Amino acid sequence: MFVRKKRNKSGTISVQIIQKINRSNKVIKTIGSSSDGDEVEKMYHQALYEMPRLYGSTLFDSPSNSDISNLCNDSVRVCGPDVVFSKIYRHIGYGSIREPLLQDLVISRITHPGSKLNLTKYLNETGKQDIAVYSIYRFLDKLNRRLKTTIEEITFKYTRSILGGTIGVVFYDMTTIYFESSDPDDFRVTGFSKEGKHQNPQIMLGLLVGKDGYPIGYELFEGNTFEGHTLIPVLKKFATRFNIDKPIVVADSGLISKSNIELLIKNHYSFIIGARIKNESSTMKEKILALTLADGEYTAIDKGDGLILHISYSEKRAKKDHFNRERGLAKLEKRMASGKLSKANINNRGYNKFLNLEGEIKLTLDQNKIDMDKKWDGLKGYITNTDLNSYQVIDNYNNLWKIEKAFRISKTDLQIRPIYHRLRPRIEAHICISFMAYLIYKELERVLQTAECNISMNTAIKEINKMYEIITEDNKSVRLKNNATQQQIYDLISLSF
């Protein structure tokens, strides 16, 4: 079976899938016809893609490929991950680390995420030498101790080059990573889980990234560490190590306390942080509520001591605030009707703040508190000690979603959690491997987005995992032709790296 380009009398070219039967060519399928060369090439690649799906193994039945038809299925192996991701791996600089197993661990984290047992599946599919699981574990035991510093230096150097040689703004956030284990220790400790896994031991991961979510470094903390206590140590560590000249620090309000702000100022850091405007002084709250901002408008209020509070208003945010409050109130009323609430529930947590105690046992909703809360709908605040205008402050702060995306990629696409390891060196190695995989993932994503080719990362990885080669009887490798999507990915990677 083969693909034929047939020139028609009209001057167009037809692309057909042909099968040779008893010395005669039979048209199995006509893909289409066109006089446009580019269109013909697209149809040709489409035919190559559809051909094996029509008749599977008969792809090799042609007499010209008789040497291939004698090969067994074990002669076919996946080559895409090596063709694509190894090129990015080496371009970043990770190839200077002479550890072949490290490269396999990192790439398999992208193509075969999950437990380390999936590495053996990756090695088998790509035709590489099998390796015992215990050999992998022994390598993990030494990886973090020997290689983490080098890996971070390579990563930072590459991130700085991607960002134009300077890092003027850094973004910091924390997340929790839980373990499928019921036995905590000094490192894996139960604590407040952002994933609702309060019963599971966990660790805290602090991630520092630059513009567009490019990684700078990370730190691991015990599972019960207060996230607000991690910011300054991480900043100091990487600022000293990589000689980062006091970038603007952007962080969410959950990471910032009054003492953290004082430490940032004391250490001469510029910062942009989310403000808890409802916790401001009475005078400041009066000023905020007196504002009359239209949708998308913003303004600045001088707080004194070099601090500026920027306030923005969004109708979309106002609708969301209204929806969340109404949903919370509906749940409260349902619990009140069921009799499951008591005066022990009177606190300022969540929507319980709207409860009011009448007499000794009767609970009602406090309409005055609800009406007061409505006044804040759509308002958001940002505190900074920079001289940036409101637009610049809000624009920088809004880039925090990219670090949230980094966590999402790590947790879903790379399946960084749950972690099944118990020993700390293996846990640290697991995070280090995921850190490297994230940068490689980011680079493929950047190339696809820059080319505006409408290939999602999920599709790209699936297609890369379906790129095959054949090992002939004389031990030569012959790559099968790519389909249109695979060829587009291959061409982009070849041009970019």
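The values are calculated or read from the model by the stated rules, or taken from the named source; none is laboratory data. Please read these numbers as outputs of a predicted model, since none were measured by experiment. Reconstructed Cβ throughout: ideal geometry from the backbone, glycine too, with neighbour counts over all protein chains shown. Ligands, DNA and RNA are excluded from the accessible area calculation, which covers all protein heavy atoms including side chains. Shrake-Rupley method; radii C 1.70, N 1.55, O 1.52, S 1.80 Å.
Worth pointing out:
- Beta carbons closer than 8 Å, at least 6 apart along the sequence or on distinct chains, pair a first residue in the stretch 244-257 that is free of Cβ contacts under 8 Å to residues at least 60 places away in the same chain with a second that is among the polar types (S, T, N, Q) for Lys246/Ser270.
- Screening the stretch 278-327 for residues that are of a type in the set (Phe, Trp, Tyr) and under 23 Å from Gln392 (Cα atoms) and picking the one that is most open to solvent (accessible area, probe 1.4 Å) gives Tyr298.
- Lone qualifier among Thr150, Thr166, Thr159 - being out of contact with any Gly (no Cβ under 6 Å at 6 or more places or on another chain), modelled with pLDDT of 85 or more and either outside any strand (DSSP E or B) or among the hydrophobic types (A, V, I, L, M, F, W, C) (or both): Thr150
- Residue within the stretch 292-306 that is farther than 29 Å from Ile370 by Cβ, among the aliphatic types (A, V, I, L, M) and assigned to a helix (DSSP H, G or I) present: no
- Residue list for the stretch 122-146, filter: open to solvent by 10 Å² or more (accessible area, probe 1.4 Å) and under 23 Å from the mean Cα position of the chain (by Cα): Asn144
- In the stretch 234-263, of all residues being among the aliphatic types (A, V, I, L, M) and more than 20 Å from Gly213 (Cα to Cα), the one that is surrounded by the fewest Cβ atoms within 10 Å (Cβ to Cβ) corresponds to Leu263.
- Pairs meeting the criteria (first residue in the stretch 43-55 and at pLDDT below 75, second residue part of a helix (DSSP H, G or I), beta carbons under 7 Å, at least 6 apart or on different chains) are Tyr49/Ala484; Met51/Leu59; Pro52/Leu59.
- Look at (1) at pLDDT 85 or above; (2) under 24 Å from Glu152 (Cβ atoms); (3) over 21 Å from the mean Cα position of the chain (by Cα) and you find that Lys237 fails only one, number (1).
- Taken as a whole, the stretch 266-275 holds no residue that is open to solvent by 50 Å² or more (accessible area, probe 1.4 Å), part of a loop (DSSP other than H, G, I, E, B), over 21 Å from Asn389 (Cα atoms) and of a type in the set (Lys, Arg).
- The number of residues in the stretch 437-458 that are touching a Ser or Thr at 6+ places or on another chain (Cβ under 7 Å) and either in contact (Cβ under 8 Å) with a residue 40 or more places away in the chain or polar (S, T, N, Q) (or both) comes to 3.
- Which listed residue is at pLDDT 90 or above, surrounded by 22 or more Cβ atoms within 10 Å (Cβ to Cβ), under 21 Å from Pro100 (Cα atoms) and touching a Leu at 6+ places or on another chain (Cβ under 9 Å), from Ala437, Ala429: Ala437
- Some residue of the stretch 321-328 being among the small types (Gly, Ala, Ser) and more than 36 Å from the chain's Cα centre (by Cα): no
- Residues of the stretch 454-497 that are open to solvent by 30 Å² or more (accessible area, probe 1.4 Å), in a helix (DSSP H, G or I) and among the hydrophobic types (A, V, I, L, M, F, W, C): Ala484, Leu492, Leu495.
- Residue list for the stretch 78-128, restricted to those being part of a loop (DSSP other than H, G, I, E, B), modelled with pLDDT of 90 or more and closer than 18 Å to Lys142 by Cα: Ile97
- Every pair of residues 6+ apart whose Cβ atoms lie under 9 Å, when the first sits in the stretch 328-350 and is modelled with pLDDT of 80 or more while the second is of a type outside the set (D, E, K, R) and open to solvent by 70 Å² or more (accessible area, probe 1.4 Å): Gly328/Tyr351; Leu329/Tyr351; Lys331/Tyr351; Leu332/Tyr351
- Residue check, Leu388 open to solvent by 20 Å² or more (accessible area, probe 1.4 Å), at pLDDT 75 or above, among the hydrophobic types (A, V, I, L, M, F, W, C) and over 14 Å from the mean Cα position of the chain (by Cα): yes
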